[in-house]
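All remarks here apply to the structure that follows.
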Amino acid sequence: GRAWHLTARPQGWPTTDDFALREEPVRAPAEGQILVRNIHLSVDPYMRGRMSSAKSYADPYKLNEPMTGGAIGVVLASEDPAFAPGDHVLHDLGWREYATLRAKYATKVDPEAAPLSTYLGVLGMPGLTAYAGLLRVAGFQPGDAVFVSGAAGAVGSEVGQIARLKGASRVIGSAGSDEKVKVLTDEYGFDAAFNYKHGPVAEQLREAAPSGIDVYFDNVGGEHLEAAIDAMNLHGRIAVCGMISQYNATEPTPAPRNLAQIIAKRFRMEGLLVMDHFDLQQQFVDEVAPWIRSGELKYRETVVEGIDNNLEAFLGLLRGENVGKMIVTLGD
Ligand code: NDP
């Protein structure tokens with residue numbers, strides 16, 4: 001089976017020269033292991049961080065070894081009593097066609113309960129990030145006005161809709177294309193949305209949120225964070241989930257120049273890591289899955305086909321070519 005390797009650490013924007021798709025032996029499972037054929041692979045922004053050698057919350061990818069990442073597959077052979085051929089599993093050996101892994105690192109998923117790809121997106125890691133980040137880290141309360149950046153992406157689109165369904169007074173989103181902005185207002189029920197490429201974020205946010213905001217869910221950092229601080233109401237909260245505008249930066253990026261407003265406004269700002277919130281996984285699925293079934297919470301996926309296009313899908317994600325979760329499908 002083929003697997004993607006990182007062959008050089010990217011400087012700035014990753015290029016195809018930093019990666020190679022290579023043939024790997026398919027290993028039969030040993031005691032306690034399963035062999036899986038992957039069906040859907042995830043590409044996520046955090047993978048950019050793992051391509052650098054800098055120490056962070058996820059270990060750097062090793063050079064010239066198969067890369068890892070979220071994946072859904074079907075069990076072909078099992079040497080563990082908990083799994084049988086035909087079972088569908090979520091695991092972390094993505095970026096490849098076949099995976100042999102310890103069974104305890106796999107989670108069974110039910111293809112009858114929800115489409116398999118949703119376990120990587122709206123019902124998976126990005127969904128829990130949205131749920132825990134909004135409700136726990138940002139301490140969302142009904143009546144809050146919520147602003148989310150990266151709002152047409154996997155995490156952002158769910159943040160905005162959970163806020164709407166839980167009684168936000170106003171939901172505002174920003175995204176990088178007019179098509180995405182239209183999806184936010186027409187499909188996801190945001191009260192207002194704007195294209196951050198059309199003008200200064202601070203000005204556009206002021207227009208979209210004339211009474212200010214109480215919560216900012218940050219996926220982007222930089223100019224967006226500064227604008228959100230300007231718009232923040234007394235005792236507001238900022239959940240910092242990601243700063244994707246800086247992931248390819250080669251120089252240290254400036255902090256928000258208006259941070260001193262934190263004093264007079266007494267707002268709180270807190271970073272968030274999804275792995276701190278796995279205890280909410282069941283509560284999250286119990287609450288969100290019915291909204292998906294009833295159509296109250298909508299989601300999109302951008303699906304790219306074939307292992308050959310796994311890298312292009314990742315690069316496309318950084319360029320904003322996805323609406324909703326970016327998925328690579330290898331076919332059933
Ligand atoms: P998305 O589906 O949102 O895809 C990434 C999006 O980022 C692109 O579609 C693009 O949309 C946007 N983007 C890219 N460059 C820029 C830029 N310079 N300025 C503004 N927007 C940009 O990805 P996810 O939903 O998976 O992740 C969203 C954020 O959440 C990321 O920052 C990620 O790192 C973070 N995250 C953090 C987790 C945690 O535990 N802390 C867990 C999961 C995600 P557009 O067209 O709008 O520019």
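Every number in this text was worked out from the coordinates using simple rules, so none of it is lab data. Computed from a predicted structure; not experimentally measured. Glycine also receives a Cβ, built like all others from the backbone with ideal geometry; neighbour counts cover every protein chain displayed.
Per-structure values
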{"read-out": "For the stretch 180-252 and the stretch 59-102, distance of Cα centres in Å", "value": "36 Å"}
{"read-out": "Hz values of 3J(HN,Hα) by residue in the stretch 190-198 - Karplus curve (6.51, -1.76, 1.60), Gly and Pro given as x", "value": "5, 6, 8, 7, 9, 8, 5, 7, 8"}
{"read-out": "Relative packing of 64-74, 267-277, 22-32, 103-113, which averages over residues the other C-beta atoms within 10 Å, highest first", "value": "64-74, 267-277, 103-113, 22-32"}
{"read-out": "Cβ-placed point charges (K, R +1; D, E -1), dipole of the chain about Cα centre in debye, nearest 20", "value": "660 debye"}
{"read-out": "Ranked packing of 320-328, 135-143, most packed first, by mean Cβ within 10 Å", "value": "320-328, 135-143"}
{"read-out": "Unit charges on C-beta of K, R, D, E only; dipole of the stretch 125-276, Debye", "value": "380 debye"}
{"read-out": "Antiparallel content of DSSP bridges confined to the chain, in %, to 5", "value": "50 percent"}
{"read-out": "Share of Cα-Cα pairs in the stretch 27-179 lying beyond 26 Å, as whole percent", "value": "40 percent"}
{"read-out": "Once the Cα gyration tensor of the stretch 103-156 is diagonalised, semi-axes √(5λ) in Å", "value": "27, 13, 10"}
{"read-out": "Cα-centre dipole for the stretch 1-114 with unit charges at Cβ (Lys and Arg positive, Asp and Glu negative), debye to 20", "value": "360 debye"}
{"read-out": "Cα-based shape type of the stretch 259-332, given that a ≥ b ≥ c are square roots of the gyration tensor eigenvalues and the cut on a/c is 1.5", "value": "oblate"}
{"read-out": "Packing rank of 78-88, 235-245, where each peptide gets the mean count of other beta carbons within 10 Å, highest leading", "value": "235-245, 78-88"}
{"read-out": "Overall dimensions of the chain by Cα: Rg and Dmax, Å", "value": "20.2, 62"}
{"read-out": "√(5λ) per eigenvalue of the Cα gyration tensor, the stretch 1-103, largest first, Å", "value": "27, 13, 11"}
{"read-out": "Volume per residue that the Cα convex hull of the stretch 125-276 spans, once the total is divided by residue count, Å³", "value": "107 Å³"}
{"read-out": "Hz values of 3J(HN,Hα) by residue in the stretch 93-106 - Karplus curve (6.51, -1.76, 1.60), Gly and Pro given as x", "value": "9, x, 6, 7, 7, 10, 9, 10, 8, 4, 4, 5, 8, 10"}
{"read-out": "Hits among lysines - C-alpha to C-alpha of Lys182 under 30 Å, sequence gap 8 or more where chains match", "value": "Lys166, Lys197, Lys298, Lys325"}
{"read-out": "Estimated Rh, the stretch 13-64: Kirkwood, alpha-carbon pairs, angstrom", "value": "14.1 Å"}
{"read-out": "Stretchable slack from Ala249 to Glu287, in nm (0.36 nm times residue separation minus alpha-carbon distance)", "value": "9.9 nm"}
{"read-out": "Integer Hz, Karplus 6.51/-1.76/1.60 couplings in order for the stretch 240-255, x for Gly and Pro", "value": "9, 9, x, 9, 4, 5, 10, 5, 9, 5, 9, 10, x, 9, x, 6"}
